[in-house]
Amino acid sequence: RLGILIARHLKRLERVILGYLEVCDGPEEEARLGILETLQCTIEHAWPRMPCRLPVLLKALLRMMWDVHTDRGSTPEPVKAALLQGATQCLILLDRCSEGQVKVLLEGVYGSCEENCVRECLRQVREN
């Protein structure tokens, strides 16, 4: 809703986003799905300010992707797929606004990742 005015609140919003990405909120993962949507909108509106936040956001998104993939709890597969797709979209947007820095940073991760599900998400980022 704020559009570019969100840039005024990025520091606080970043803390909120990171907090929600870290915590599993039950089988339906409504909070995580919502915060991924919020992150996508934030990146789209405040893209000039995103490159300086890239290291923190990249680390949080990758950690969340790994946690979702390795979760053996009650989260249904369609919800896991939606979370991974949302994180992938965020990574693609971050890559676009940082002029390809995400692809460079993910090279080592992609080469060492042996999990097909996470590797597929990283492949999508590399190809976009």
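The values are calculated or read from the model by the stated rules, or taken from the named source; none is laboratory data. Source: prediction; values computed, not measured. As a convention, Cβ positions derive from the backbone with ideal geometry for all residues, glycine included, and neighbour counts pool all protein chains shown. Side chains are part of the model used for accessible areas, which takes the heavy atoms of the whole protein and leaves out ligands, DNA and RNA. Shrake-Rupley method; radii C 1.70, N 1.55, O 1.52, S 1.80 Å.
Annotation: per residue accessible area for the stretch 1-127 equals 57 Å², rounded to a whole number [probe 1.4 Å, protein chains only]. Computed over neighbours whose Cβ is under 15 Å from that of Arg72, the net charge equals -4, Lys and Arg +1, Asp and Glu -1. Among Arg15, Arg49, Arg32, which one moves the most in a GNM of the chain with springs linking Cα atoms closer than 10 Å? Among Arg15, Arg49, Arg32, the largest GNM mean-square fluctuation belongs to Arg15. Listed by chain and number, the aspartates and glutamates whose alpha-carbon sits under 19 Å from that of Lys11, ignoring those within fewer than 8 places in the same chain, are Glu22, Glu37, Glu44. Compared with the alpha-carbon gap, the fully stretched path from Arg8 to Gln85 is longer by 24.9 nm at 0.36 nm per residue.
Surface composition of the stretch 69-128: carbon plus sulfur atoms hold 48% of the accessible area, using a 1.4 angstrom probe and ignoring ligands, DNA and RNA. Rounded, prolate or oblate for the stretch 1-127? Axes are the square roots of the Cα gyration tensor eigenvalues, ordered a ≥ b ≥ c, and the cut-off for rounded is a/c under 1.5. Note, shape of the stretch 1-127 comes out oblate. Excluding same-chain neighbours fewer than eight residues apart, the lysines reachable from Lys80 by a Cα-Cα span under 27 Å are Lys59, Lys103. With a cut-off of 10 Å between beta carbons, the residues surrounding Thr88 carry a summed charge of 0, where Lys and Arg count +1 and Asp and Glu -1.
Qualifying GluC sites (Glu not before Pro) in the stretch 52-128, where qualification requires a DSSP coil assignment and no more than 14 other C-beta atoms within 10 Å, comprise Glu99, Glu114, Glu115.
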